[in-house]
Amino acid sequence: MDYSSLPDSEYLHSLFRYDASTGKLFWKYGAARRIKAGDEAGWKSSKYLQVTIQGTHYYVHRVIWKMVVGAIPINMQVDHIDGDTTNNKWDNLRLVDQMTNMKNQTIPINNVSGVIGVSFHSASGLWQAKIGHNGKKENSYHKCKDAAILWRKQKELEYGFHACHGRTK
């Protein structure tokens, strides 16, 4: 996956039409035997929609950002605000650094507590809440799960985590 060298905006506009209200990208012409003008561009690979341009795969949300705004600065990422990586509506995309993007994650599928950053610490017999911010990690241990969740949620507010952080997929 090539992150940095998206084709220039003018070229992308010659290939695609973007509908900001639906978040869909459409081919302007038949780009291959199976692709006709007006077809929706992209396929889902892993969790993101991708499109192939001259043999190189690109994430659709990054193509859209370049078409609408222009270059994506180095070390910046296009975040899906609601966590739905196929929702490329313009009002669901924002440009953020990696640290901000990490504050808008879905809960891992192996989480058993129901809250990101909260788990049972079997060695101590306590509930552990942990959080990372600005390269530092904090831990807190509690007798009950609710107290660990409360500590974690307070820290998320204090550190500016997105309201959608920790949502289920």
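The values are calculated or read from the model by the stated rules, or taken from the named source; none is laboratory data. Please read these numbers as outputs of a predicted model, since none were measured by experiment. We place every Cβ from the backbone using ideal geometry, glycine too, and count neighbours over all the protein chains shown.
Observations, loosely collected:
- Residue that is nearest to ASP8 (Cα to Cα), among those in segment 51-63 that are touching a residue at least 40 places away in the same chain (Cβ under 8 Å) and more than 14 Å from the chain's Cα centre (by Cα): VAL63
- From the options VAL96, VAL112, VAL118, residue that is modelled with pLDDT under 90 and hydrophobic (A, V, I, L, M, F, W, C): VAL112
- Looking across segment 97-115 at every residue that is hydrophobic (A, V, I, L, M, F, W, C) and more than 10 Å from the chain's Cα centre (by Cα), the one that is farthest from ALA20 (Cα to Cα) is identified as VAL112.
- Screening segment 121-155 for residues that are charged (D, E, K, R) and out of contact with any strand residue (DSSP E or B) (no Cβ under 7 Å at 6 or more places or on another chain) and picking the one that is modelled with the highest pLDDT gives ASP146.
- The residues on offer are GLU138, GLU156, and the sole one that is in contact with a His (Cβ under 8 Å, 6 or more places away or on another chain) and acidic (Asp, Glu) is GLU156.
- Some residue of segment 69-85 being free of Cβ contacts under 8 Å to residues at least 60 places away in the same chain, closer than 14 Å to HIS13 by Cα, in contact with a His (Cβ under 7 Å, 6 or more places away or on another chain) and not small (Gly, Ala, Ser): no
- Of all the residues in segment 117-139, those that are out of contact with any Ser or Thr (no Cβ under 9 Å at 6 or more places or on another chain), crowded, with 18+ Cβ neighbours inside 10 Å and either over 30 Å from ASN92 (Cα atoms) or not β-branched (Val, Ile, Thr) (or both) number 1.
- Filtered residues of segment 139-168 (kept if touching a Phe, Trp or Tyr at 6+ places or on another chain (Cβ under 9 Å) and assigned to a strand (DSSP E or B)): SER140, TYR141, HIS142
- Candidate set: segment 55-83, residues that are in contact with a helix residue (DSSP H, G or I) (Cβ under 7 Å, 6 or more places away or on another chain) and charged (D, E, K, R); chosen: the one modelled with the lowest pLDDT: ASP82
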